[in-house]
Amino acid sequence: MQQGIHVVVQLATRAVLFLLCTVAAQAQTQRAADTTTPGQIVDVMCSADTTQTYALYLPSNYAPAKRWPIVYFFDPGGQGRRPVELYRELAESYGFIFAGSNNSRNFSGDQSKAVSAIWQDTHLRFSLDVRRVYVSGFSGGARVAGAMALNSSGQIAGVIAHGAGYPNLRHGVSDKLFYYFAVGNQDFNWPEVITVGHERENQGLAFRVRVYPGSHQWAPTSVVEDALQWLNLKAMQNGDLTLDAAFIDQQFQKTQKEADDAEKRKDALAQYAAYRAMVSDFAGLRDTSTASAKLAVLKQSPALKAALKDEQDQIAEQLSIEREISPKLHAYESESVPDPNALGREIVQAMVALKQQASHAKSEDHRLVLRRALGDMTVEGIENGQQELQEGHLDKAESCFDLMKRVSEDAWPVLLLAETRAAMGNKKQAIKDLQEAVHRGLRDADVLESDKHLQVLKPEVDFQKLIAELKAK
């Protein structure tokens with residue numbers, strides 16, 4: 001099965017590992033002057049590599065005399081400001097530094113450079129709590145974050161992964177990370193995240209999986225707040241943060257309520273997750289004997305066994321659907337068929353039919369399976385185009401994006417189509433594509449102005465007019 005946003009995390013493992021281990025030591029005696037403004041989001045240029053920048057938020061009460069926890073964010077589109085803006089209130093409330101790379105993006109070709117630059121600059125510039133360093137990312141960015149953590153030799157304590165599981169090249173490596181997975185119930189990577197959660201449970205590794213109503217996206221603020229609370233709880237459990245009895249009690253009562261609510265609505269999976277969390281996350285902090293007893297009974301219950309079977313059935317059904325469409329997408333990309341146009345029409349018909357089936361599905365579970373499969377195949381088709389664009393095969397990229405434009409109503413494939421046509425020198429059509437992307441919901445003028453693929457359009461009157469209209473809204 002196509003595993004979501006496939007980013008090849010090209011971490012030069014030994015070089016990055018050396019850097020992560022040495023920069024923190026250097027920072028004890030050498031710290032760059034802090035020229036940022038606490039309480040505001042600012043863009044910071046890395047002092048050692050001016051081609052690398054990141055969005056930064058320091059809590060308003062930041063002072064170098066104290067050591068601060070930090071979360072590094074990786075967005076698949078290189079929009080480091082996006083997660084920092086989404087979650088800045090949490091950084092302020094919980095006293096975290098947030099830093100989002102503006103250079104790490106899917107298919108960028110050199111993830112290690114972005115990872116190294118943001119790590120080095122923040123460690124030299126700020127006073128960090130080296131025991132509470134975390135990474136987070138969405139989709140392909142979640143895989144970058146995971147690879148960074150797994151290669152950190154203990155320099156990173158935990159990961160908040162949005163809409164994806166492990167990095168592609170993990171190969172079953174065990175770890176001691178606190179791994180928090182957040183995924184929407186409509187996300188095409190839901191099967192992967194659920195599977196990884198079971199894998200970590202079987203291996204006795206620390207994790208939490210939070211499923212929320214939504215699609216493939218950065219998680220809602222409430223979910224990220226839960227993640228930060230969990231990381232703080234695990235830090236207390238691990239002896240890396242001073243115990244806070246009131247906080248621990250609040251978290252314990254919250255988890256107990258989740259278990260009680262799940263029992264009332266007969267949700268065996270949610271009930272099991274809550275009791276498992278009570279036992280694993282509060283060991284040594286609270287008496288968990290009652291939760292342990294209930295967990296043992298629940299493990300043997302027919303209700304849980306039926307729910308787990310249904311979960312696996314949904315995963316199998318999604319895989320079955322994707323096996324019908326994915327080979328056709330590959331054949332279309334490679335142009336390995338006599339009539340690509342006919343194949344394109346066949347793909348569009350199949351995916352439109354899938355969309356219609358999802359709209360009319362009587363079962364909620366079946367509807368979610370169909371939507372996940374449709375989303376996965378849409379992303380696979382778009383990624384095929386991105387790969388061709390990265391390799392300079394502009395005609396193939398244009399063909400892939402145009403196909404997905406006919407399937408998806410999202411602005412993403414049309415924006416990529418504009419980038420491709422701009423690279424082909426077809427400026428007029430590229431601007432028309434951008435206008436279509438705006439019509440489909442693209443609202444951020446900064447995304448267009450900072451897009452390196454669209455720089456050639458900047459002198460065009462129609463492009464300037466489009467930017468002005470977006471900024472006026």
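Straight-line cross-link partners of K234 among the aspartates and glutamates, defined as a Cα under 17 Å from its Cα and at least 8 positions apart when in the same chain: D129, D175, E201, E225, D226, D244, D249, D281, D287. Per residue, the accessible area of region 289-352 comes to 58 Å² when a 1.4 Å probe rolls over the protein heavy atoms.
Once you've got the Cα coordinates, tell me which of K305/K328; K257/K299; K396/K471; K452/K473; K113/K471 are over 27 Å apart. Write down the numbers at each step before the final one.
Numbers: K305/K328 36 Å; K257/K299 19 Å; K396/K471 33 Å; K452/K473 23 Å; K113/K471 32 Å.
Beyond 27 Å between Cα atoms: K305/K328; K396/K471; K113/K471.
With kT/(6 pi eta Rh) evaluated at 4 °C and eta = 1.567 mPa s, and Rh the Kirkwood radius from Cα pairs, region 89-131 diffuses with a coefficient of 108 µm²/s according to Stokes-Einstein.
What's the long-distance tail for region 31-96, i.e. % of Cα pairs beyond 14 Å? Numbers along the way, then the final one.
On the way: 1282 of 2145 pairs.
Above the 14 Å cut-off, region 31-96 has 60 percent of its Cα pairs.
Per the Kirkwood formula applied to alpha carbons, region 321-446 shows a radius of gyration over Rh ratio, Rg over Rh, of 1.00.
Considering only A274, N106, A293, and ranking their Cα positions along the charge dipole of the chain that arises from unit charges at the beta-carbon of Lys, Arg, Asp and Glu, the one farthest toward the positive end is A293. The Cα atoms of region 225-300 define a convex hull whose projected area, averaged across directions, is 5.0 nm². The orientation-averaged shadow of the Cα convex hull for region 114-182, equal to a quarter of the hull surface, comes to 4.6 nm². Here the ratio of the Cα radius of gyration of region 421-473 to 2.2 N^0.38 Å is 1.01.
Each 10 Å bin, from zero up to the one with the longest distance, holds this percent of the alpha carbon pairs of region 280-343: 17, 21, 19, 15, 13, 11, 4.
To the nearest 500 deg cm²/dmol, what mean residue ellipticity at 222 nm is calculated for the chain from DSSP H runs of n ≥ 4 alone, each contributing -39,500 (n - 2.57), summed and divided by the residues? Intermediate values should be presented prior to the final figure.
Details: 17 runs with 270 residues, N = 473.
Taken over the chain, the calculation gives -19000 deg cm²/dmol.
Ordering 322-334, 92-104 by mean Cβ neighbour count within 10 Å, with the highest value first, yields 92-104, 322-334. The alpha-carbon atoms of region 31-141 define a convex hull whose volume equals 89 cubic angstrom per residue. As an equivalent ellipsoid, region 112-227 spans semi-axes of 23, 16, 13 angstrom, where each value is the square root of five times an eigenvalue of the C-alpha gyration tensor, largest first.
Carbon and sulfur atoms: what percent of the 1.4 Å accessible area of the chain do they account for?
Its accessible area is 51 percent carbon and sulfur atoms.
Globularity index of region 191-230 is 1.27 (Cα radius of gyration / 2.2 N^0.38 Å, N = number of residues).
Per-residue packing, averaged as other Cβ atoms within 10 Å, sorts the ranges 68-74, 449-455, 183-189, 195-201 into the order 68-74, 183-189, 195-201, 449-455, beginning with the highest. Note the direction-averaged projected area, equal to a quarter of the hull surface, for the Cα convex hull of region 137-290, in nm². Computing the convex hull of the Cα atoms and averaging its projections yields 9.1 nm².
Within region 387-470, the percentage of alpha carbon pairs spaced more than 15 angstrom apart rounds to 52%. Please say if the chain is rounded, prolate or oblate, where rounded means a/c under 1.5 for a ≥ b ≥ c the square roots of the C-alpha gyration tensor eigenvalues, and otherwise the choice is prolate for a/b larger than b/c and oblate otherwise? The shape class here is oblate. Most tightly packed first, judged by the mean number of other beta-carbon atoms within 10 Å of their residues, the peptides 236-243, 150-157 read 150-157, 236-243.
Counting pairs of Cα atoms in region 360-415, how many percent are more than 18 Å apart? Don't skip to the end; give the middle numbers.
Working: 612 of 1540 pairs.
When every Cα pair of region 360-415 is considered, 40 percent fall beyond 18 Å.
Accessible surface computed residue by residue for region 92-228, with neighbouring protein chains in place and a 1.4 Å probe, gives 28 Å² per residue. Under Stokes-Einstein, with the Kirkwood radius over Cα pairs as Rh, the value for region 256-406 at 37 °C and 0.692 mPa s is 177 µm²/s.
The values are calculated or read from the model by the stated rules, or taken from the named source; none is laboratory data. Note that the coordinates shown come from a computational prediction; the quantities given were computed from them, not determined experimentally. Heads up, the Cβs are rebuilt from the backbone with ideal geometry, glycines too, and the neighbour counts pull from every protein chain shown. With ligands, DNA and RNA removed, areas are computed over all heavy atoms of the protein, side chains included. Shrake-Rupley method; radii C 1.70, N 1.55, O 1.52, S 1.80 Å.
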